[in-house]
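These notes concern the structure reproduced below.
The values are calculated or read from the model by the stated rules, or taken from the named source; none is laboratory data. Everything quoted here is computed from the prediction, not taken from an experiment. So basically every Cβ, Gly included, is an ideal-geometry build from the backbone, and we count neighbours across all protein chains shown. Side chains included, ligands, DNA and RNA excluded: accessible areas come from the protein's heavy atoms. Shrake-Rupley method; radii C 1.70, N 1.55, O 1.52, S 1.80 Å.
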Amino acid sequence: MGVNWKAFVDQISHYQSFVLVSHIRPDCDALGSELAMAEVLRAIGKDVRIINAHRTPPALQFLDPAGNIDVLGDDVEAEDIHCDCFMILDTSAWAQLGDMGDVIRTATCDKMVLDHHVGEDDLGATMFKDYQAEATGHLVIQAADACNVPLTRKMGVAAFAAIATDTGWFRFGSVTPETFRVISRLVEVGVVPSEVYGDLYERDTLGRLKLRGLILSRTEAELDGALVHTYVQKEDFAAMGAEPSDTEDAINLTLSVGGTKGAVIFVGQLRGGYKLSFRSRCDMDCNEIARQFGGGGHKAAAGAFVEGTLAEAQERVLPVVRQAMQKALGL
C-alpha cells in the first residue's frame, strides 16, 4: 500500500517548524531525502533544520556543499533542539537513529516517518510508508507533488542521488517503469546524470581503493560459490588511509562473481562490534535475516549490528545465512 498523501499534507499543515532526521552512517538515500524534503517544506513556508547523529561522509559532501546538515554534539546540543515536529526519513528503527534516538524519545512534540523499509519499531510517530518504493528519495518527490511544490534542480540532484544509489544505478530488481518516469522529471529540471555519477564514483581516494582491494582479497565463498562473505577490521581504516564510510557499497563488489546468489560483509566499528550488510539475488530474504540480529531493511538488501569479536560475530551470523541460503536454493 502506498502513502496516504492527503493525510501527510494534512499533518504537516499543523506545524511550522521541523527537524529532519535520518539514520546513522547516512547514505545517499538518507541525505538526499533529507535535503530534498527540506526544500519541499521550505517552499511551503516551513522552518526546517536537518540534524543527524553522524556526520556526512566526505565522499557524499557534494550533496550538501553549504553544510546545511548539522551533527548532534558537534553543531548542536540535544537541549537546544526544539521544533513542532520531528520528521524521520529512510528508517523506522530506534537502533538506526543513534544518539538522535534519545532526543526523539524524550521530545514532547509530534513525530512522523517517511520510509520505504519493511521493518519498523514503535517510534511514537505517524507512519507514512511505501514498501514498494525503491528509495525514500522517490517518496519525497511524491510529497512535493502532494504539496503542489514545483521540482527544482537543487531538489532534483538530492533525489536523483538517493534513487540512483538505492537502485544500484538502476540495476536492482526494485526498479520499475515509475522509477524512470520520476528520473525523467528530475533530468527535465536540470539534473545531469553524468555529473552525479562523477561525484559519486569518480572521486575515490587512494585509501578508499586500497580498502576495497583489501575487502575483495578477504572474500571467501561457500555453497559452491552461491554465498560469499568478507570483512573489515576497524584497524584497517587507518592502515589503508581510508574512512569508515569508504565501505559503502563495497558488498556489491562481491556480487560480481559469477554464480553468487548472496553476500555478507562484517564491518568493524570504531566503538566496537560489527555492522552487518546482507545482499541477495535469490529468494533468500535479507530482511528476515537482519531482523534476527535487531536490524532490518528489504528482501534483497538489509543491515544489522552485533557485538563481539569478528570470530564471535561470524560464529553467530554465518550459520543463519547459510541456512537461509540453503533453504532458498532448495539444498
Can you name the residue in the range 252-274 that is touching a Pro at 6+ places or on another chain (Cβ under 9 Å) and at pLDDT below 95 and, of all such residues, is farthest from residue 328 (Cα to Cα)? 270
When you check residue 226 against the structure, is it over 23 Å from the mean Cα position of the chain (by Cα), open to solvent by less than 60 Å² (accessible area, probe 1.4 Å), modelled with pLDDT of 95 or more and within 26 Å of residue 261 (Cα to Cα), yes or no? yes
Mind checking which residues of the range 99-110 are open to solvent by 30 Å² or more (accessible area, probe 1.4 Å) and of a type outside the set (S, T, N, Q)? 99, 102, 105, 110
In the range 155-204, which residues are farther than 23 Å from residue 67 by Cβ and in contact with a Phe, Trp or Tyr (Cβ under 6 Å, 6 or more places away or on another chain)? 186
Subset of the range 1-44 [among the β-branched types (Val, Ile, Thr), open to solvent by 10 Å² or more (accessible area, probe 1.4 Å) and assigned to a helix (DSSP H, G or I)]: 9
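If I go through the range 239-251 residue by residue, how many of them are surrounded by fewer than 15 Cβ atoms within 10 Å (Cβ to Cβ) and either modelled with pLDDT under 95 or not in a helix (DSSP H, G or I) (or both)?
Looking only at that region, the number is 1.
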Collect the residues in the range 211-253 that are of a type outside the set (D, E, K, R), farther than 19 Å from residue 280 by Cβ and touching a residue at least 60 places away in the same chain (Cβ under 8 Å), keeping them in residue-number order. 233, 244, 245
Which condition number in (1) surrounded by 14 or more Cβ atoms within 10 Å (Cβ to Cβ); (2) free of Cβ contacts under 8 Å to residues at least 60 places away in the same chain is the one that residue 47 fails? (1)
Per-region count, the range 301-331, residues closer than 19 Å to residue 249 by Cβ and in contact with a Lys or Arg (Cβ under 7 Å, 6 or more places away or on another chain): 3
Can you give me the number of residues within the range 68-97 that are crowded, with 16+ Cβ neighbours inside 10 Å and either in a loop (DSSP other than H, G, I, E, B) or not assigned by the TED database to the domain that holds residue 126 (or both)? 6
Answer yes if at least one residue in the range 209-222 is in contact with a Lys or Arg (Cβ under 8 Å, 6 or more places away or on another chain), open to solvent by 10 Å² or more (accessible area, probe 1.4 Å), under 19 Å from residue 262 (Cα atoms) and not assigned by the TED database to the domain that holds residue 118, and no otherwise. yes
When you go through 154, 234 one by one, which is the residue that is farther than 25 Å from residue 50 by Cβ and either open to solvent by 70 Å² or more (accessible area, probe 1.4 Å) or assigned by the TED database to the domain that holds residue 67 (or both)? 234
